[in-house]
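The values are calculated or read from the model by the stated rules, or taken from the named source; none is laboratory data. Because the structure is a prediction, the values reported are computed rather than measured. When we count neighbours, we look across all protein chains shown, and the Cβ atoms used for this are built from the backbone with ideal geometry, even at glycine. For accessibility, only protein heavy atoms count, side chains too; no ligands or nucleic acids. Shrake-Rupley method; radii C 1.70, N 1.55, O 1.52, S 1.80 Å.
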Amino acid sequence: MSWGSELWDQFDNLEKHTQWGIDFLEKYAKFVKERSEIEINYAKQIRNLSKKYQPKKNSREEEESKYTFCKAFLTTLNELNDYAGQHEVIAENLTSQIITELSRYLQDLKTERKSHFHDGRKAQQHIESSWKQLESCKRKFERDCKEADKAQQYFDKMDADINVTKADVEKARQQAQVRHQMAADSKGDYSSYLHKFNQEQNEHYYTIIPNIFQKLQDMEEKRIERLGTCMKTFADVDRQVIPIVGKCLDGMSKAAEAIEAKTDSKQVVESYKSGFEPPGDVEFEDYEQAMKRAVSESSLSNSRGEVRERPTGKSKGKLWPFIKNKNKASGPEDFSHLPPEQRRKKLQGKLDELNKDIQKETDQRDALTKMKDVYVKNPQMGDAASLDPRLAELGQNIEKLQFEVQKFEGWLAEVEERMPSKSDTHRRSGLYESHSSGAVNNNCAQDRESPDGSYTEEQNSEIHEKANVANAKPPVAVTPEFDDEFDDEESLPTIGNCKALYPFDGHNEGTISVAEGELLYVIEEDKGDGWTRVRRNQDEEGYVPTSYVEVFLGTNAKGAMTYI
């Protein structure tokens, strides 16, 4: 059905309808724009969420990312970031394919509609003007006819009146003729213009207006088709990213499926395994016998004849009092603050990094060497001597790195050599409870550091520290008078016993030499100066470094007499 034939008299309603159609299109464009803004804001919030929960660099979270569930969560965050990117793609496509296109189309549509209705109004004005002119011709013809009729009646009256002169009658007759002629002319003009108006009106309602309305109908149909296309595009924009969004979701699902509880449990072992062995059985200490009880021959023979492995357990009590400047090699650089197993892993990782650096420097040196050979053969390409400083620098760097590798390899070999074995029966518990009193002495193995303050130490550090101990003098045995007084005094009572952790030579006056693992009696506890007074038998007494022995005090410790 055509607007031109069916709606020939609905010019105003069509004008309102087409304007409503343009307003509706503008409303849809605004809707798409707001949807695009929502997608952008949503993508921004998703990205911020993903970034917020990303593990921070150089933090504990980065170390924890080695677990499978942490890796799965990290994968989920990365996939979520890609998921946010797809929503940004939706917003971009909505803007470029719908909003921008609709904005241009709306401008053209408004211009086209304005042009069509301008032509329609012009045609309307023309037909209305013709109608007015026709009415004017009609009224003139009517007026002239009335005037001619009046003139004829006046002539007839004058002609019948005998008192009127012949001249007046002739004048009336001429006036009537003029009026009749004017009426005839008006009739001709009216008839002619009427015919013209009918033609124009016919053309207006059957040609001009139908053409204009047809163009408006085509314009409106195109608008509706464009709106339908935009709505389809609106759905297609979402549909296009569904495969990628599906891949993101699949990635999240695969990451979740990759979580392995057993692997994470194993990783906990790898992360926290110290390398120590559980403590062995605690030996029974018999305190009922007198202090003259001789140490078992097996204990003495073992302590004197065997060189036992130095314990590697961590201690937290007193530091070795005679060391003022620790060897840097035993500091954090060699990871000596870590348990053996963790230290081994750290050292191995450091070695791998150093080897990578050496390989990198070596590759650079090889490349520069080849370049130098090219310059030597072709001097015009460059100065070979200009590469010498860089080659020398690379050589020095490689030597430094190789030295570092040797140093860390030494530490690694030491750790592997000192790693405990399953057959070792001389391991001690981290916290020893005395059967006599149940109290834990602050100088036990768990609460005291080894002489250099670390789990393991290099041999040169050990020798250095032993020399310090050997050269240090005990706090009380400083004069010959002390020896006389010591010899003449009555034997002090036993307040506990101890076990030597390390061998001590005891060259200074007032000290006593002990062997590693030897059992001794304690007759005076440490007073804060780092020395403990012990007795081997009735005749052998002296001081030993407190950090060299593991002390177990008896119930009579508080009431015991001490020697000053």
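Values as computed for the structure displayed
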| quantity | calculated |
| --- | --- |
| Segment 505-551: C-alpha gyration tensor shape, a/c 1.5 cut-off, then a/b vs b/c | rounded |
| Segment 3-100, relative contact order [Cα under 8 Å, separation at least 6], % | 42 |
| Solvent exposure, largest accessible area first (probe 1.4 Å, DNA, RNA and ligands not counted), of 195, 180, 507, 204 | 507, 195, 180, 204 |
| Gain upon complete extension [residue 399, residue 164; 0.36 nm per residue less C-alpha separation] | 69.1 nm |
| Gain on full stretching of the segment that runs from residue 199 to residue 231 - 0.36 nm per residue minus C-alpha separation | 6.9 nm |
| Under-5 Å amide H pairs with residue 275, H placed in peptide plane, nonlocal only | 341 |
| For segment 498-506, 3J(HN,Hα) per residue [Karplus equation, 6.51 cos²θ - 1.76 cosθ + 1.60, θ = phi - 60°, Hz, x = Gly/Pro] | 8, 10, 6, 8, 9, x, 9, 6, x |
| Spacing of the two label points (7 Å from each Cα toward its C-beta) at residue 249 and residue 366, in nm | 5.0 |
| Evaluated over segment 1-78, the Cα radius of gyration and Dmax, each in Å | 27.9, 82 |
| Label-point separation in nm, residue 261 to residue 171, each point 7 Å along Cα→Cβ | 13.6 |
| Part-to-part distance (alpha-carbon centres) for segment 1-69 and segment 127-187, which is given in Å | 79 |
| Pairwise FRET efficiency - residue 115 versus residue 42, Cβ, R0 = 35 Å, nearest 0.05 | 0.25 |
| Residues with amide H under 5 Å from that of residue 524, placed H, sequence gap 5 or more | 533 |
| Calculated log₁₀ intensity ratio I(q)/I(0) where the Debye formula runs over C-alpha points of segment 107-146, q = 0.32 Å⁻¹ | -0.92 |
| Members of 499/527; 56/356; 44/222 lying beyond 27 Å, as alpha-carbon distances in this model show | 44/222 |
| Residue-level accessible surface for residue 533, protein heavy atoms, 1.4 Å, Å² | 10 |
| Ranking by accessible area, most exposed first, for 207, 111, 18 with a 1.4 Å probe | 111, 207, 18 |
| Segment 111-194: Rg to Rh, with Rh as the Kirkwood radius over Cα pairs | 1.41 |
| With DNA, RNA and ligands ignored, accessible area of residue 137 (1.4 Å probe; Å², nearest 10) | 30 |
| Prolate/oblate/rounded call for segment 45-153, Cα gyration tensor, a/c under 1.5 rounded | prolate |
| Surface accessible to a 1.4 Å probe, residue 71 within the full protein complex, Å² | 110 |
| Cross-link table 247/350; 30/254; 346/400, entries beyond 28 Å C-alpha to C-alpha | 247/350; 30/254 |
| For segment 111-263: span of alpha carbons on each principal axis (Å, largest first) | 147, 21, 18 |
| Solvent-accessible surface ranking, highest first, for 231, 219, 252, 381 at 1.4 angstrom | 381, 231, 252, 219 |
